[in-house]
Amino acid sequence: MNKKQRTMLWRILVSAGLMVGLHFAPLTGMVRFAAYLVPYLIIGYDILQKAGKGIKNRQVFDECFLMTVATLGAIILGITGDGDYTEAIAVMLFYQVGEWFQSYAVGKSRRNISQLMDIRPDYANVEQGGTIVQVDPDEVDVGTVILVQPGEKVPIDGVVMEGSSTLNTSALTGESLPRQVAEGDEVLSGCVNLTGLLKIRTSKEFGASTVSQILDLVENASSRKSRSEDFIARFARVYTPAVCGGALVLAILPPLVRLGLLGMAPAWGDWLYRALTFLVISCPCALVISIPLSFFAGIGGASKAGVLVKGSNYLETLSQTSYVVLDKTGTLTEGVFEVVGIHHNTIGQDALLEYAALAESASSHPISKSLQRAYGKPIDRRRVTEIQEVSGQGVLAVVDGIQVAAGNEKLMKSLKIQSDACHEIGTVVHLAVDGTYAGYILVADVVKSTSQQAMADLKRAGVERTVILTGDMDAVAQQVAQELGVDEVRSQLLPAEKVSQVEELMEDLPSRKKLAFVGDGINDAPVLSRADIGIAMGAMGSDAAIEAADVVLMDDDPRKIAKAIRISKKCLGIVHQNIVFALGIKGACLVLGALGIANMWLAIFADVGVMVLAVLNAIRALFVKHL
C-alpha cells in the first residue's frame, strides 16, 4: 500500500468514525450542522476541489460534479428538514471507498508491469586501465566489451566473449527456468547473471537493445485505446449532461404539474430528494473506471506471462482471432540447421563429416555452419587450400592434398559424378572425394519441441484455421504441417507474396473475425503490418519484426500464441460483464429513484457498490498463470 492509499484509508476510517459518533450525539441546530461538516470535508474536500476546477475549466459534467451537487443538496435538505446529514457524508464516504479499491487495483496492475520496469539497468561495467568503471549504458558503443558480475543485470544485448554462467530470464520471458550460456552465445539485456563472471561484446546500442524496446512498449501501451474504451468515453460525454438535465426536470416539472394541473401541494422537498438520488445513481463511475482498468489489468497480466501487448486496442482485436497464419522458419522451427543424417558410400561417417566441414570452413552459410558444428572439433585451416565456391551449387576445395567437392546434385552432375538419391526431407549435401562419390549429409531445420502442443492449444483457444506461409520448399513445409497438425500450407513464397496471401485469407474471413500473423524475420515485417494483428517472436525475432508487430512473445515459445488469445478473451469477457452489469443495475435503480421507491442508500449501492464490484471483477484480468 503506497502513501496515497494509506492517507485515503485514514480519511475513510476517521470520517466513518465521526459519522457514527455524531449520529448518537445529542446535538441540534447549527452546532449539529458544523459538527457534521467536519467529516464531510475530511472525506470530500478533494472531490469538491475537482468539481470546482471542472467548472472553472468549463468541463463541468463528470462524477465529481454529480457527487458535489447531490451531497450539497442533501445537506440543504438536512438544514431545512430534520437535520440529518448522514446521507450526504455516506455518499462521499462510499464513493471514496470505491476510489480506494480502484487505486488498489491499478497499483496491483502497475506492480505486475513494473516487474518489467525493474529490468532497466542502472550501469554497465567497462574495464579501463585495469580497473572496472561503471558507466551509463547509453554511453557504451557497439563492440565494447562489458563485464557482468554475478547478481547484476545484463545491460545491453551482446555475445559472450569469455566465461560461462546461468541467467535468470524470467523478467523477459515469464519463465522461471534458468538459461545456461557460454562463450559464443548471444545474451539479451534485462537478464540477471546468477553464477559466473561474463565478458560480453555488445552487439547493439542501449537504445536499440531488447530491454529498451520492452520498456518502450510497456510505457506506451495504455495510449492505444480499444473500441470499448472509446465507446465508454463517448458515452460518458453524452450520458452525464443528459442525466443532469433529467434530474433537473425531475426536481421541477412534477411539483409544477401537481400544483398547476392537480391543485395539490408541490412537495418540493420530496421531488428534490428524488432528483438528488437520481443524480447519485446516475454516476458512470463503474463504467468509466472499470473498463480501462480491465484492459490495463489484462496488459499487466500478459506482461507477467511474457506476452507484451502494445495497446488495449490490440488486446481487443486479438480476442476476435479466428485464423492464425504462421511463418515456418524460426516460428515453428528452431531456425537453426542441424545435421540429421549421414549416409556414407565408400568412407566412414566421421571421415565424411570431417571432409565436409573442412571444405565448407570458409563459408558463413547456415548449412556450412551446421556442418562445422556437427564436426565439433577445431578447424585447422592450414589443411584446406584452393577453395572455390560454385554459385548455387556448392564448394570445391583441396583437403590434405585430396580434391573434395561438397554441394547439391547440380554440382555432382557438373563434375559428371553419379550421386545417390535421397528420399528424406531436408537439404542434401553430396560429397565427392578424389573424384569418387563418397555419400551425402542430410541437413534440416529442427521443429521446436513445443510447436505441436502450440497448434493443439490454438484449436482449444477457438482458432478455426491454421496456415503456414513459408518461402521453403513445398515438401519440407508439407512435412512440418503434417507433423504439427496445421490445416493448410502455402510454400515457396516471396515476402511480397506472403502479403497477398494474407490479404486473400482476410477476404475469406467472416465479419468481426480477425486474422493473426506470427513471424520472426525481417522479411516478415510487411505481412506483420498488414495482418489484423501481428505477433512477433521477440527473443530471436528481428528488430524490424518486433517494431511492426502488435504483440511480442518474449521467449519464442509458440504456445504463448494461444495463451495470448486466451488472456485477451478473458479480458474482453470481463469488460462485457462489467458493461452489462453496470448499465443493468443503474437502469433499474434510476427508474426506482424517479418513482421515489429508491432512497439515497440504494443510490449509494447503485453508484459505489456497482463500481467496487466492477473493479474487483476487473482485477481478475491480472491472474493469467493457469490460462
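The values are calculated or read from the model by the stated rules, or taken from the named source; none is laboratory data. Being a predicted model, the structure only gives us computed values, none of them experimental. FYI the Cβ positions are ideal-geometry reconstructions off the backbone, even for glycines, and counts take in every protein chain you see. Calculation scope for accessible area: heavy atoms of the full protein, side chains included, ligands and nucleic acids excluded. Shrake-Rupley method; radii C 1.70, N 1.55, O 1.52, S 1.80 Å.
At a glance:
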| read-out | value |
| --- | --- |
| From the coordinates shown, mean projected area of the Cα convex hull in nm² corresponds to which of [x] 37.9; [y] 32.4; [z] 28.3 | [x] |
| Axial C-alpha extent at least 24 Å, average Kyte-Doolittle at least -1.0 - helices from the chain (DSSP) | 3-23, 29-56, 63-80, 86-117, 227-260, 285-304, 559-594 |
| Region 439-499 versus region 177-206: alpha-carbon centroid distance in Å | 31 Å |
| By accessible area with a 1.4 Å probe, ligands and nucleic acids excluded, highest first: order of 460, 179, 58 | 58, 460, 179 |
| For the chain: accessible area per residue (Å², 1.4 Å) | 45 Å² |
| Listed residue (496, 247, 7) projecting farthest to the positive dipole end of the chain, Cβ model | 247 |
| Spatially proximal lysines relative to residue 199 (Cα-Cα < 21 Å; intrachain offsets below 8 disregarded) | 153 |
| Aspartates and glutamates whose Cα lies under 19 Å from that of residue 625, excluding same-chain neighbours fewer than 8 positions away | 175, 457, 555, 556, 557 |
| Carbon/sulfur fraction of accessible area - the chain, other protein chains in place, 1.4 Å, % | 56 percent |
| Separation between Cα centres of region 138-160 and region 34-52, rounded to whole Å | 54 Å |
| Which of 36, 123 is most accessible, then next, and so on - probe 1.4 Å | 123, 36 |
| Heavy atoms of residue 355: accessible area, 1.4 Å probe, square angstrom to 10 | 50 Å² |
| Too-long pairs where the Cα-Cα distance tops 27 Å, listed order kept, from 310/498; 4/304; 563/586; 304/448 | 563/586 |
